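Right, one structure below, let's go through it.
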Amino acid sequence: MSDGRNRRAAQTRRKIIDAAKAMIAETSDAPTVVGVARRAEVSVRSVFQHFGDVESLFVTVADSVREDVEVPQHFPAGRALAVRVEAVVDGLAQLFDKIVPIRVAAGNFPGHPALIQRSMAGRRELRAATMAAFAPEFAALTEQAREELADAIGAALSLDAWIVLRRREGMSLERASSIWRMTLTALLEHELATSAKPVG
């Protein structure tokens, strides 16, 4: 009997999460509990029983979206710089396009500790993957130059920057990706050229 109740509870929880995810994907806005309940065809009371408040529901949905997408971990090593630049940009573009709605909707919960924590963890993960992709280039730099270049790439190729290109400027995926390839190539080549100059 309890197995049946647990199974029904898990199904209800999944319906609520799926409904909220669908609504966020469609509107890029945080849905209301009433709206989610209606979409999931459950009672408002059921939503609160499973999540307590709308913030908890949103964090759970954000985690579910994160599980659905593949964060680029390994880029082609030992390949020409242009090949690696294209692979990195394509990976980021595909990832960011999928999570833009949840990121925009997160603006409804400014300063939420759990969302800030997840955002910082995601940035660290992408920073490490990017540095690994361009390990030969980073290896030629001083420690300070490596950190500055990583910061510059992180700022130029951030999720917020992608939102500006895709949402605010209305660029196509191809156009925005092309701009990022140019930006990333310029940052890498500039830093390498600067490091190669004799001091004094």
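The values are calculated or read from the model by the stated rules, or taken from the named source; none is laboratory data. Owing to the predicted nature of the structure, the values given are computational and were not obtained by experimental measurement. Because the Cβ atoms are built from the backbone with ideal geometry, glycine has one as well, and the counts that use them run over all protein chains shown.
Per-structure values
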read-out	value
In the stretch 46-76, the residues that are more than 24 Å from the chain's Cα centre (by Cα) and either at pLDDT 95 or above or surrounded by 13 or more Cβ atoms within 10 Å (Cβ to Cβ) (or both)	SER46, VAL47, PHE48, GLN49, HIS50
Failed item, numbered, when GLU70 is tested on (1) part of a helix (DSSP H, G or I); (2) within 23 Å of LEU173 (Cβ to Cβ)	(1)
Test: ALA93 is surrounded by 11 or more Cβ atoms within 10 Å (Cβ to Cβ) and in contact with a His (Cβ under 8 Å, 6 or more places away or on another chain)	no
Test: residue in the stretch 98-115 that is closer than 24 Å to LEU188 by Cβ and surrounded by 13 or more Cβ atoms within 10 Å (Cβ to Cβ)	no
Residue check, ASP160 surrounded by 15 or more Cβ atoms within 10 Å (Cβ to Cβ), of a type in the set (D, E, K, R), part of a helix (DSSP H, G or I) and modelled with pLDDT of 90 or more	no
Only one of ARG38, ARG79 that is at pLDDT 95 or above and surrounded by fewer than 19 Cβ atoms within 10 Å (Cβ to Cβ)	ARG38
Selection status of LEU184, in contact with an Asp or Glu (Cβ under 8 Å, 6 or more places away or on another chain) and either outside any helix (DSSP H, G or I) or of a type in the set (A, V, I, L, M, F, W, C) (or both)	no
Enumeration of residues in the stretch 132-155 that are aliphatic (A, V, I, L, M), buried (at least 16 other Cβ atoms within 10 Å of the Cβ) and outside any helix (DSSP H, G or I)	LEU141
Failed criterion for VAL83 (all others in (1) in a helix (DSSP H, G or I); (2) of a type outside the set (Ser, Thr, Tyr); (3) not assigned by TED's automatic domain parsing to the domain that holds ILE153 hold)	(3)
Residue that is surrounded by the most Cβ atoms within 10 Å (Cβ to Cβ), among those in the stretch 1-32 that are among the polar types (S, T, N, Q) and closer than 13 Å to SER46 by Cβ	THR12
